[in-house]
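Inspection log for the structure reproduced underneath, given as structure tokens.
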Amino acid sequence: MREYQWFLEDPKRLEAYQHRPLPISEWIETPYGSGLAGVIRPKIKQTLVEIFEDPDRYDEIVIVGGIGIGKSFLSGAGAAYLIHRLLCLRNPKKYFGLAGSVPIAIMNMSVNALQAKKIVFGQVVDAVKAPWFKFQGYQPDDKIHSHLKLPKNIEVIPGNSQDTYFVGYDLFAGILDEGAWHEVTDEKDYAEEGYNAMQRRVKSRFPNKGKLFIITSPRYVDDFVERKFKEAETNPRIYARRIRAWESMPKDMNTSSYFYFDPDRNVIYEENEMTPYLYSKVENV
């Protein structure tokens with residue numbers, strides 16, 4: 001009924017759309033959407049709603065948090081929602097004025113090829129098993145295992161920051177996993193270089209529509225990710241958030257007992273079973 005009403009409100013939508021794109025809250029909460037209702041953590045849900053409530057508000061999303069707060073889950077769920085919106089179009093390439101047979105791609109980059117395929121890419125693979133994709137018949141090609149090949153010439157590709165094979169794709173979205181932990185040499189910062197290359201391709205083909213994600217645990221005070229946070233202070237097109245463990249996890253899941261403040265570096269360390277790890281930069285101390 002909602003879909004019928006949506007098309008009835010503006011019959012011209014039928015020219016471009018085959019399905020009604022679900023608003024993000026409906027996508028998350030309804031059984032015919034993502035299937036995440038009752039599973040997704042409240043903080044992750046809130047973050048996704050803030051990012052996608054107006055789907056065109058942000059070009060870049062920067063999420064920093066400690067181990068286990070749900071960064072990869074968030075980016076995988078976000079990628080699935082973007083794929084949903086693309087598949088709602090009758091012909092995505094035509095809608096965006098793109099010629100040729102080159103796929104519209106979503107690419108995730110990580111510190112190495114194994115992690116790229118195992119972590120964020122694995123989250124996307126799981127996310128596109130959602131009820132909406134099954135109901136509409138939009139299943140990946142099960143004969144291809146190196147990447148996801150979806151209907152309407154849409155692909156999801158895992159890679160790493162030293163790869164350039166995304167060149168030649170119509171890149172709609174990019175995900176930079178562990179953006180603070182890529183190799184840095186005297187000549188270049190691999191995370192920044194890879195991110196900038198993706199950014200150029202997204203903005204040239206999908207201005208104000210495509211998305212770029214950086215997800216990472218924190219590392220240095222002035223690393224690439226911290227510079228993006230600084231940029232977000234004056235750029236309203238960048239969504240930048242730090243998610244703390246106690247914000248993301250239900251109380252019964254948060255097993256850490258101690259946090260340590262290092263006044264020399266202005267950071268907090270959280271104790272885990274093996275060793276303390278950098279948890280968060282402290283602001284305004």
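Of the conditions (1) assigned to a loop (DSSP other than H, G, I, E, B); (2) surrounded by 21 or more Cβ atoms within 10 Å (Cβ to Cβ), Gly76 satisfies every one except a single condition; which number is it?
So Gly76 meets the others, but not (1).
Restricting attention to region 207-223, does a residue exist that is assigned by TED's automatic domain parsing to the domain that holds Ile51, at pLDDT 70 or above, surrounded by fewer than 17 Cβ atoms within 10 Å (Cβ to Cβ) and assigned to a helix (DSSP H, G or I)?
No: zero hits.
Of the conditions (1) free of Cβ contacts under 8 Å to residues at least 60 places away in the same chain; (2) within 25 Å of Gln123 (Cβ to Cβ); (3) in contact with a helix residue (DSSP H, G or I) (Cβ under 9 Å, 6 or more places away or on another chain), Arg2 clears all except one; give me its number.
(2)
May I ask you to list pairs of residues, at least six apart or on different chains, whose Cβ atoms are under 7 Å apart, with the first in region 133-149 being more than 23 Å from Leu22 (Cβ to Cβ) and not assigned by TED's automatic domain parsing to the domain that holds Thr30 and the second being surrounded by 16 or more Cβ atoms within 10 Å (Cβ to Cβ) and aromatic (Phe, Trp, Tyr)?
That search, which allows pairs on different chains as well, returns nothing.
Tell me the residue from Lys71, Lys94 that is of a type in the set (Lys, Arg) and crowded, with 20+ Cβ neighbours inside 10 Å, please.
Details: Lys94 fails: crowded, with 20+ Cβ neighbours inside 10 Å.
Checking each option against the conditions leaves just Lys71.
For the structure I just gave you, tell me whether Arg57 is assigned by TED's automatic domain parsing to the domain that holds Ile214 and either more than 19 Å from Ile238 (Cα to Cα) or at pLDDT below 95 (or both).
Spelling it out, it is not the case that Arg57 is assigned by TED's automatic domain parsing to the domain that holds Ile214 and either more than 19 Å from Ile238 (Cα to Cα) or at pLDDT below 95 (or both).
Kindly establish whether Val102 is crowded, with 16+ Cβ neighbours inside 10 Å and not in a helix (DSSP H, G or I).
On the way: crowded, with 16+ Cβ neighbours inside 10 Å: no; not in a helix (DSSP H, G or I): yes.
The answer is no for Val102.
Answer yes or no: is there a residue in region 180-195 that is under 20 Å from the mean Cα position of the chain (by Cα), within 20 Å of Ala127 (Cβ to Cβ) and either among the acidic types (Asp, Glu) or at pLDDT below 85 (or both).
no
Hey, among the residues in region 6-60 that are surrounded by 15 or more Cβ atoms within 10 Å (Cβ to Cβ) and among the hydroxyl-bearing types (Ser, Thr, Tyr), which one's farthest from the chain's Cα centre (by Cα)?
Filtering first and then ranking leaves Tyr17.
So Trp6 clears everything in (1) in the same structural domain as Thr216 (by TED's automatic domain parsing); (2) at negative phi except one condition, right? Which one?
(1)
The values are calculated or read from the model by the stated rules, or taken from the named source; none is laboratory data. In this text, all values refer to a predicted model and were calculated from it rather than measured experimentally. We place every Cβ from the backbone using ideal geometry, glycine too, and count neighbours over all the protein chains shown.
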